[in-house]
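The values are calculated or read from the model by the stated rules, or taken from the named source; none is laboratory data. Model, not experiment: these values are computed from the prediction. Because the Cβ atoms are built from the backbone with ideal geometry, glycine has one as well, and the counts that use them run over all protein chains shown. Just so you know, the surface numbers come from the protein's heavy atoms only, side chains and all, with ligands and any DNA or RNA stripped out. Shrake-Rupley method; radii C 1.70, N 1.55, O 1.52, S 1.80 Å.
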Amino acid sequence: MMLTEEIHNFGSKTVVLDPDNTCPCTHVADEFICASFDDYAALKELCQKSDVVTYEFENVKSHFLIDLEAKYNIKQGIRPLFDSQDRLREKENAKKHGLKTARFFSCQSRADLDQAVKELGYPCIYKTRTLGYDGHGQVILYSDKDKDTVEPYLNVEGIVEEFIDFDLEVSVIMVRDGDKTIVFPIGKNIHKNGILDLSIVPTKLSRDLENRLKEASVRFMESADYRGILCIEYFVKNSDFYFNEMAPRPHNSGHYTIEGCTTNQYRELVKFLLGVSLEEPKLKSPTVMKNILGQDLWMVPKFEKPNALKTDQDLYVHMYSKKETRPLRKMGHVTMTNMTEEEYKEFYERKICVADK
Ligand code: AMP
């Protein structure tokens, strides 16, 4: 929805394909194709109707796009999508292009699990290789008895990964057009139950560490020869950082860029798609983004009428018009500018998150 709105700002029109005919994009797309992501005829129709095509979701089956990429302008190409769709492939690819990862082992049987645990020790994490997101398909193993929890997953391919006792998680979001790679200010991500809760920018990392994170990310993107947008999520521990996963699409941890930066992740992706030159983003002020999940909706009116902001602070509520509300479903987000992490805690815990619901 947000990408479509940005495309309209450039005077272009959009055709959107989504299996859900109540999805947020139906409110804004010029034309909507309601079809599953593996409906080849519908994907082809989308390509035929479009001058340029992109994807906003990792689970579009990349093998369907091989033939379409050869004939139509899928400008990011299928490679970053393909590489991001399988955790084993994704991590092997990250290592191949110079990024450090947590140690990991492929796991398809109880014997593989036993062997991986023997190598890694406890705690360690089992993850399904495909279709996992927001902590789904993951089990943290603390002792032998947790192996039984993994057992039901062993009919699908998985990995077992070293547990990184990280100091913080961060995102590096880049857009590359072949001439130039721009990098958004690095945000610190705080997750709750495996789902992003807050993005806080700037981080309190040293300038040296931030520079190394940015340089390694740009080198990775160039070495892999990806174009378009890419978000890489890292674990930071002391002065080291470990690639966790990547997404070749605008990312939730980049929503803060809409109001927090001089240009945002959607605008730069649209510029890439339209062949307009990219602009180096700058942070306008310390910014905090909070996700609104299904169970958080009661807070929204409070965010809409904040009386606890300082005069230079602004608050922007974005709701996604999703028809069905479910706990843990991302329903919207709030961005607060000129707000530090400490100020946010004071504001949120004392003025918003109080139990008069
Ligand atoms: P993922 O789906 O891989 O992003 O995992 C969801 C969340 O689980 C991450 O954002 C981390 O907070 C946590 N997590 C995943 N992998 C690890 C790991 N190897 N060590 C420690 N925490 C992890």
(request) Determine the distance separating the Cα centre of region 153-181 from the Cα centre of region 212-234; give it in Å without decimals. (result) 11
(message) If I stretch the segment between ASP51 and LYS305 completely, what's the gain in nm (0.36 nm per residue apart, minus their alpha carbon distance), one decimal?
(response) 87.2 nm
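Over region 168-352, with every protein chain in place, what whole percent of the accessible area is carbon and sulfur at 1.4 Å, could you tell me?
Roughly 46 percent, rounded to a whole number.
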(message) Can you list residues from other chains, or at least 5 along the same chain, whose modelled amide H is less than 5 Å from the amide H of PHE32?
(response) VAL16
(request) Let me know the shape class of region 103-162, please: from the alpha-carbon gyration tensor, a ≥ b ≥ c as square roots of the eigenvalues, rounded when a/c is under 1.5, otherwise prolate if a/b is greater than b/c, or oblate. (result) rounded
(request) Give a residue-ordered list of calculated ³J(HN,Hα) values for region 215-220 (Karplus: 6.51 cos²θ - 1.76 cosθ + 1.60, θ = phi - 60°; whole Hz; x for Gly, Pro). (result) 5, 5, 5, 5, 4, 4
(message) Students often check this: by mean Cβ neighbours within 10 Å, which of 4-13, 237-246 ranks highest, and how do the rest follow?
(response) 237-246, 4-13
(request) Determine which lysines satisfy two conditions relative to LYS13: a Cα distance under 23 Å, and not lying fewer than 8 residues away in the same chain. (result) LYS44, LYS49, LYS71, LYS75, LYS271, LYS322
(message) Quick check: from the Cα gyration tensor, does region 221-260 come out rounded (a/c under 1.5), prolate or oblate?
(response) oblate
(message) Only Cα pairs within less than 10 Å get springs; with that Gaussian network setup on the chain, which residue of SER223, SER285, SER253 has the largest fluctuation?
(response) SER223
(message) Given a 1.4 angstrom probe, what's the average accessible area per residue across the chain, in square angstrom?
(response) 47
(request) Could I have the simple spin-label model distance between ARG79 and HIS191, label points 7 Å from Cα toward Cβ, reported in nm to one decimal? (result) 2.8
(request) Using a/c under 1.5 as the rounded threshold, could you call region 168-352 rounded, prolate or oblate? The axes a ≥ b ≥ c are square roots of the C-alpha gyration tensor eigenvalues, and prolate needs a/b larger than b/c, oblate otherwise. (result) prolate
(message) Can you give the log10 of the normalised intensity I(q)/I(0) at q = 0.13, 0.23, 0.25 Å⁻¹, computed with Debye over equal Cα scatterers of region 73-145?
(response) -0.46, -1.16, -1.27
(message) Which residues among region 195-213 fall inside the zone where the amide N is under 14 Å from a point 7 Å beyond the Cα of HIS318, along Cα→Cβ?
(response) 198-200
(request) Just flag the chymotrypsin sites (Phe, Trp or Tyr not before Pro) in region 55-161 sitting in loop per DSSP whose Cβ has no more than 15 other Cβ atoms within 10 Å. (result) PHE57, TYR133, TYR142
